[in-house]
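Q: Attaching a single structure in structure tokens format; questions to follow.
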Amino acid sequence: MSTATTDNNAVREHAVRKELFVDGYEVVIGIEIHCQLNTESKIFSSAPTDFGHEPNSQASIVDLGLPGVLPVLNAGVVDRALKFGIGVNAELGLFNTFDRKNYFYPDLPKGYQITQMANPIVGVGYIDVVVNEGEKNEYPKRMGITRAHLEEDAGKSVHDAVDGMTGVDLNRAGTPLIEIVSEPDMRSAHEALAYIKAIHQLVTWLGISDAVMAEGSFRCDCNVSVRKPGADLGTRTELKNLNSFRFIERAINREIERQIDILEDGGKVVQATMLYDPERDETRVMRTKEDANDYRYFPDPDLLPVRIEQHTVDAIKAAMPELPVARRARFEEALGLSEYDARILTGSRQIADYFEDVVAEIGQQDAKMAGNWVMGDLLGALNKDDTDIIDSPISAKQLAGMLKRIKDDTLSGKLAKKVFSALYEREGGDGDDAADKIIKDKGLKQETDTGAIKAMVEEVIAKNEAMVEEYRGGKEKAFNGLVGQVMKASRGSANPQQVNQILKELLG
Amino acid sequence: MSELHLLSTEQLITGLQNKQFSSAELTEHYIKRIDALDSKINSFITHTSETARAQAKAADELRAQGDQRPLLGVPMAHKDIFCTQGVLTTCGSKMLHNFVSPYDATIVSNIDKAGMISLGKLNMDEFAMGSDNSSSYYGTVQNPWNLERVPGGSSGGSAAAVAAGFVPVATGSDTGGSIRQPASFCGLTGIKPTYGRVSRFGMIAYASSLDQAGSMGRSAKDCAYLLQPMIGHDPRDATSIKYEMPDYVQDINDAQAAAGDKPFEGLRIGVAKEYFGTGLDSEVEQAARAALKKYEELGATIVEVNITDPEITLATYYMLAPAEASSNLSRFDGVRFGYRCENPTDLIDLYTRSRSEGFGPEVQRRILTGTYALSAGYFDAYYTKAQKIRRLIVKDFDEAFASCDVIASPTAPTAAYKLSEDLDPATMYLGDVYTIAVNLAGLPALSQPVGLTTEGLPIGLQLIGKHWQESQLLTTAHLFQQHTDHHLQHSTIAKETV
């Protein structure tokens, strides 16, 4: 189904889905996502943001918080945040300011984190998601976004480098983040996961984040509470730093169970920050509200307010890529793809772009064929090799070159598979005409000469009298056997349709 | 040669240009004086005599090769709040007793590029918090006019070093009057420029929205010479502003050339009764009024203006400045640089003892005040309200400047007091009563000497200008100094020869 055309309010309306209730409890989940923006330099310094270097080699004097240093805003993060805001249909903070969040921690060099508290760059918005996508019980839902704001990341404490000591690595300090805060709209772990995946797809689609969960560039905190239907919101706990899709679902479900167990035993849920231990598959209290910090937020006097002009927003809007939901709808409507195909082909912007590049070469009428090759053969092979489509050994033009040869009957389906394998091994070189080269070099051209095929058919008929008799005796299967013999004789190069036709003619 | 240190910056430049003396000789003269006399006043924390000698030698060679930079080879010294690469930067605190900065503050490199020679780092109130230099970990500074008196703060070391004739000019920083008040106590001219005029990059932050670096010298023109290389947009400071660049010395020269008998014809000087109220010492008031009379004689018109009640301004300042300071000083936690307590038992112990042992009482007092003001539940009552009043102060200045060009007031309510008077903090804070509104409004202001008390202590007059009008302030003070000799009086130490 296409969510782009669904009535917004109908989606937003939370039909109370009784099947979501757990032991008669309704689950309420709100999510904060910390997403690293993919600028080359840090949010307030010119140090690089590269991952995986020697500790403290990617930190400038500004990131180290040395006395006297000052932050200067990297304009690149503003553009990226605006793209995100437009992507989630949000009110944009055309006047946004930076605040200091004060607390002491060894990996926080200045003793405060620069963030946006009072005037964030992205205000209220929403994102449409499909829950249980691809399954029978899938349904669309609109998830509200409260706000999204810019902030700097902290460094990290290293506990295992020197025995009995804790080290501090500030390479990550000052890395630009956008913190995306949702409304408490999620009613199950599945809904939470659908939301997180949608945000993940959006930020990578927009090209504003690499969002690699394993590297910590996309981290989720989930606020979970349960209540009896119709009751006030229950006490929430916060699951911190979930960094894989798999663990998110498990962690939330464990936490729901934990809270219900407490309530069923007549206890009270205590507001706390929780950690999920994947090894023991359980959630544990990290700290309770009693040790919560008073962050003493106040406007950062070192940074001037950011005023964004409408023409800047207009320019970004004009340059925005078509978003996944809209693109999927277009693939279905304009290209006649099935819902399933359209979903796979919009799995990422790179896949969608690749597919469209192929279609641009061979024409919209053959979009379905292009889709099948991209989804089936190409993504299958890439997946097996754990390779991203951006690193595909076959370029979109090369694949299109091959598809053109299928269309003009140079290749049969079978031959095309051979050409595809050769292309994947880069046997045709880097040129757009790689498929043609392979066809020529390997002699994989389909035989379409009627005379030549007729000669082969005649030879097969002559050599397989028994089979011919069987066919004439009414055994349809024998016909397929004869086709197979002709194909074999031609080493697969004969056009199967012509073989069929000629065989039928000659057998009367 | 014995009188070199009594020459103005302009005379030093001319002397170097005319080969009356070399930079090496000049530098040696100052080093000799510092070595012989600074033990009396304690104005330096760090001496850089050796590098200064090398720089002076290099400057002489460059000048011989035709280098025309006017300040080439002229000595100076920096307040120890400015980071200097490879040289100790303590900010007057035990917390940074071992901190050698890996980088230069923007103004330090700018002054360096102008060819000036730094003789060292000057004593100051710890993290620029204080009004009499008594909060320095490196001990109080004595006033060169009277060793029993304080030099003012927090740029007390800068003021004392210039007044003692150890350097012709020095940098200072001014958060609530820290250039103007010590200039007043030590008989100097000192200017705090418009907020955003001088980069704050590399100046250790006290209260970021109020801090501004400036220059101190014995005359307005001396200040102009040193201020020139300090100003300008710095891409490393987001609050530094791109604005037209004046030539202060040229402006002064032009104004002097154009001046007749009545150089201040057309100048309207605003005088606010709020700045001549209770608490003002009568000798200070008399000297200030006499100076205003002189301005009138020279053609100026005195107009009455109203500005915000100084007591309200004072309360606003002592809410906002500590709030910012409490956050700015969080980075001094014993983890990465500076003082760390011995044998911490755990992280909290490391923080607690490093900060308790590394910060002095005045700094701790302001951190606690500021932490309280920013706390949940008190934020609106204190911080937010203070910000609102700050806007009203700006508005009051705007209205006052509708009817005048500059506003004049005593710089401080008294002349330099005795350290032993041991003021309680609240009384000491009153010493900033006339200067802090300027910082809250981001305006430029200077203090110039306008006389001596019967005990022979200097008295200062403050001139406050509109935004970006440093040139007018310097020119006004300079023309006044062409018709008076208050700025030519020398302190006891300056008169000593070695």
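The values are calculated or read from the model by the stated rules, or taken from the named source; none is laboratory data. Remember, it's a predicted structure, so these values are computed and weren't measured experimentally. Cβ sites come from the backbone with ideal geometry, for glycine too, and all protein chains shown count toward neighbours. In case anyone asks, the SASA skips ligands and DNA or RNA and just uses the protein heavy atoms, side chains included. Shrake-Rupley method; radii C 1.70, N 1.55, O 1.52, S 1.80 Å.
Q: Over 16 Å, how big is the tail of the calculated P(r) for region A:431-490, in percent of all Cα pairs?
A: Numbers: 972 of 1770 pairs.
Counting pairs separated by more than 16 Å, the tail of P(r) holds 55 percent.
Q: Calculate what fraction, in whole %, of the accessible area of the protein assembly as shown sits on carbon and sulfur atoms when a 1.4 Å probe is rolled over the protein chains. Present the calculation step by step, with values, prior to reporting the outcome.
A: Values: 20310 of 41040 Å².
Using a 1.4 Å probe with all protein chains present, the protein assembly as shown comes out at 49 percent carbon and sulfur.
Q: Mind checking how much accessible area B and A bury in total, 1.4 Å probe, in Å² rounded to 100? Before the final figure, lay out the partial values.
A: On the way: alone 18460 and 25270 Å², together 41040 Å².
Buried area (both sides, nearest 100 Å²): 2700 Å².
Q: Something else about it: Quote the relative contact order of chain A in percent (integer), defining contacts as alpha-carbon pairs under 8 Å separated by 6+ residues. Show your work: numbers first, answer last.
A: Working: 892 pairs, mean separation 67.9, N = 508.
Relative contact order here is 13 percent.
Q: Please compute P(r) over all alpha-carbon pairs of chain B, binned at 20 Å starting from zero, and give each bin as a whole-number percent.
A: 26, 59, 15, 0
Q: Also: How large is the direction-averaged shadow of the alpha-carbon convex hull of region B:313-464, in nm²?
A: On the way: hull surface 49.2 nm².
If you wrap the Cα atoms of region B:313-464 in a convex hull and average its projections, you get 12.3 nm².
Q: For region B:91-151, build the charge dipole from Cβ charges (+1 Lys, Arg; -1 Asp, Glu) around the Cα centre, then report which of B:108, B:150, B:138 sits farthest towards its positive end.
A: B:108
Q: What is the Rg over Rh value, at two decimals, for the protein assembly as shown, using alpha-carbon atoms and the Kirkwood definition of Rh?
A: Details: Rg = 38.6 Å, Rh = 33.6 Å.
Result: Rg/Rh = 1.15.
Q: Same structure, new question: Per residue of B:325-333, what is the mean number of Cβ atoms on other protein chains within 10 angstrom of that residue's Cβ? Intermediate results must be reported in sequence, preceding the final value.
A: Details: counts 0, 5, 10, 7, 2, 11, 10, 3, 8.
Averaged over the peptide's residues, the number is 6.
Q: Next up: Quick one: if you take sqrt(5λ) for each eigenvalue of the C-alpha gyration tensor of region B:173-289, what semi-axes come out, biggest first, whole angstrom? Intermediate results must be reported in sequence, preceding the final value.
A: Numbers: eigenvalues 143, 97, 35 Å².
Semi-axes (√(5λ), whole Å): 27, 22, 13.
Q: For every helix of n ≥ 4 consecutive DSSP H residues, a contribution of -39,500 (n - 2.57) applies; sum these over chain B, divide by its total residues, and give [θ] at 222 nm rounded to the nearest 500 deg cm²/dmol.
A: On the way: 17 runs with 193 residues, N = 498.
That comes out to -12000 deg cm²/dmol.
Q: As a quick test, which of the pairs A:141/A:397; A:317/A:368; B:19/B:113; A:42/B:242; B:242/B:273; A:101/B:192 have an alpha carbon distance above 26 angstrom in this structure? Mind showing how you got there, number by number?
A: Values: A:141/A:397 37 Å; A:317/A:368 31 Å; B:19/B:113 22 Å; A:42/B:242 24 Å; B:242/B:273 35 Å; A:101/B:192 30 Å.
Among A:141/A:397; A:317/A:368; B:19/B:113; A:42/B:242; B:242/B:273; A:101/B:192, the Cα-Cα distance tops 26 Å for A:141/A:397; A:317/A:368; B:242/B:273; A:101/B:192.
Q: Related question: So what's the back-of-envelope 222 nm ellipticity for chain A, counting only DSSP H runs of four-plus at -39500 (n - 2.57) apiece and dividing by all residues, rounded to 500?
A: Details: 17 runs with 187 residues, N = 508.
Using -39500 (n - 2.57) per qualifying helix, the result is -11000 deg cm²/dmol.
Q: For peptide B:314-324, what's the mean number of Cβ atoms from other chains within 10 Å of each residue's Cβ? Kindly include the intermediate steps, with their values, before the conclusion.
A: Numbers: counts 0, 0, 0, 0, 0, 0, 2, 0, 0, 3, 6.
The per-residue average across the peptide is 1.
Q: While we're on this one: Expressed as a fraction of 2.2 N^0.38 Å, the rule-of-thumb size for a compact globular protein of N residues, what is the C-alpha radius of gyration of region B:1-93?
A: Details: Rg = 14.1 Å, N = 93, 2.2 N^0.38 = 12.3 Å.
Dividing the Cα Rg of region B:1-93 by 2.2 N^0.38 Å gives 1.14.
Q: Another question about this same structure. Looking at region A:63-87, which residues lose a minimum of 20 Å² of accessible area between their chain alone and all protein chains in place, measuring with a 1.4 Å probe and not counting ligands or nucleic acids?
A: Listed by number, the residues meeting the 20 Å² cut-off are A:65, A:66, A:67, A:68, A:69, A:70, A:72.
Q: Against the 2.2 N^0.38 Å scaling, with N counting residues, where does region A:369-430 land? I'd like the Cα-based Rg ratio to two decimal places.
A: Numbers: Rg = 11.0 Å, N = 62, 2.2 N^0.38 = 10.6 Å.
Here the answer is 1.04, to two decimals.
Q: What average count of beta carbons from other chains do you get within 10 Å of the Cβ of residues in A:105-117?
A: Values: counts 4, 7, 1, 4, 5, 5, 10, 5, 0, 0, 0, 0, 0.
Mean shielding by partner chains, rounded to a whole number: 3.
Q: With the Cα gyration tensor of region B:52-129 in hand, convert its eigenvalues to equivalent ellipsoid semi-axes via √(5λ) and list them largest first in whole Å. Numbers along the way, then the final one.
A: On the way: eigenvalues 151, 23, 20 Å².
Listed largest to smallest, the semi-axes of region B:52-129 are 28, 11, 10 Å.
Q: What accessible area, in Å² to the nearest ten, does a 1.4 Å probe give for residue A:471?
A: 50
Q: Oh, and also: Buried by at least 50 Å² relative to the chain on its own: which residues of region B:236-258 qualify, computing accessible area with a 1.4 Å probe on protein heavy atoms?
A: Checking the loss per residue gives B:238.
Q: Here is a further query. Taking +1 at the Cβ of each Lys and Arg and -1 at the Cβ of each Asp and Glu, which of A:164, A:230, A:217 sits farthest along the dipole of region A:124-256 towards its positive end, judged by Cα position relative to the Cα centre?
A: So the residue furthest toward the plus end is A:230.
Q: Over the alpha-carbon set of region A:345-401, work out the extent along each principal axis and list the three values in angstrom, largest first.
A: Taking max minus min along each principal axis of the Cα atoms, region A:345-401 gives 31, 21, 16 Å.
Q: While we're on this one: Strictly greater than 28 Å: what percent of every Cα pair in chain A meets that?
A: Values: 83696 of 128778 pairs.
Above the 28 Å cut-off, chain A has 65 percent of its Cα pairs.
Q: Report the relative contact order of region A:204-346, percent, no decimals, based on alpha-carbon pairs under 8 angstrom and at least 6 residues apart. Please list the in-between numbers first.
A: Numbers: 145 pairs, mean separation 23.2, N = 143.
Contact order relative to length: 16 percent.
Q: Further, regarding this structure: For region B:3-158, restrict the atom set to alpha-carbon positions and state the Rg and Dmax in Å.
A: So, for region B:3-158, Rg and Dmax equal 15.9, 47 Å respectively.
Q: Where does each of B:65-71, B:336-342 land if you order them by average Cβ count within 10 Å, highest first?
A: Ranked by mean Cβ neighbours within 10 Å, highest first: B:336-342, B:65-71.
Q: When the convex hull of the C-alpha atoms of region A:177-271 is computed, what volume per residue in Å³ does it have?
A: Working: hull volume 9.4 nm³, N = 95.
Measuring per residue, one finds 99 Å³ for the Cα hull of region A:177-271.
Q: For residue A:289, go through the aspartates and glutamates and keep the ones whose alpha-carbon is under 15 Å away, minus same-chain ones fewer than eight residues off.
A: List returned: A:238.
Q: Of A:417/A:463; A:156/B:385; A:454/A:475, which ones are farther than 27 Å apart at the Cα? Don't skip to the answer; put the middle values down first.
A: Values: A:417/A:463 30 Å; A:156/B:385 37 Å; A:454/A:475 22 Å.
As for pairs spanning more than 27 Å Cα to Cα, those are A:417/A:463; A:156/B:385.
Q: If you average 1/r across every pair of different Cα atoms in region A:112-236 and take the reciprocal, what Kirkwood value do you get, in Å? Don't skip to the end; give the middle numbers.
A: Working: mean 1/r = 0.0587 Å⁻¹.
Averaging 1/r across every pair of different Cα atoms and inverting gives 17.0 Å.
Q: Further question: Relative to the Cα centre, what is the charge dipole magnitude of the protein assembly as shown, using +1 at the beta carbon of each Lys and Arg, -1 at the beta carbon of each Asp and Glu, and rounding to the nearest 20 debye? Mind dumping the intermediate values first?
A: Details: 103 positive and 140 negative charges, 131 e Å.
Dipole size: approximately 640 debye.
Q: Between residue A:245 and residue A:183, take the C-beta separation as r, use R0 = 30 Å, and let me know the FRET efficiency to the nearest 0.05. Kindly include the intermediate steps, with their values, before the conclusion.
A: Numbers: r = 21 Å, r/R0 = 0.70.
About 0.90, to the nearest 0.05.
Q: Using Stokes-Einstein with the Kirkwood hydrodynamic radius over Cα pairs, what translational diffusion coefficient do you get for region B:242-369 at 25 °C and a viscosity of 0.890 mPa s, in µm²/s rounded to a whole number?
A: On the way: Rh = 20.0 Å.
For these conditions, the coefficient is 123 µm²/s.
Q: Could you provide, to the nearest whole Å², the per residue accessible area of the protein assembly as shown with probe 1.4 Å? Show your work: numbers first, answer last.
A: On the way: 41040 Å² over 1006 residues.
Result: 41 Å² per residue.
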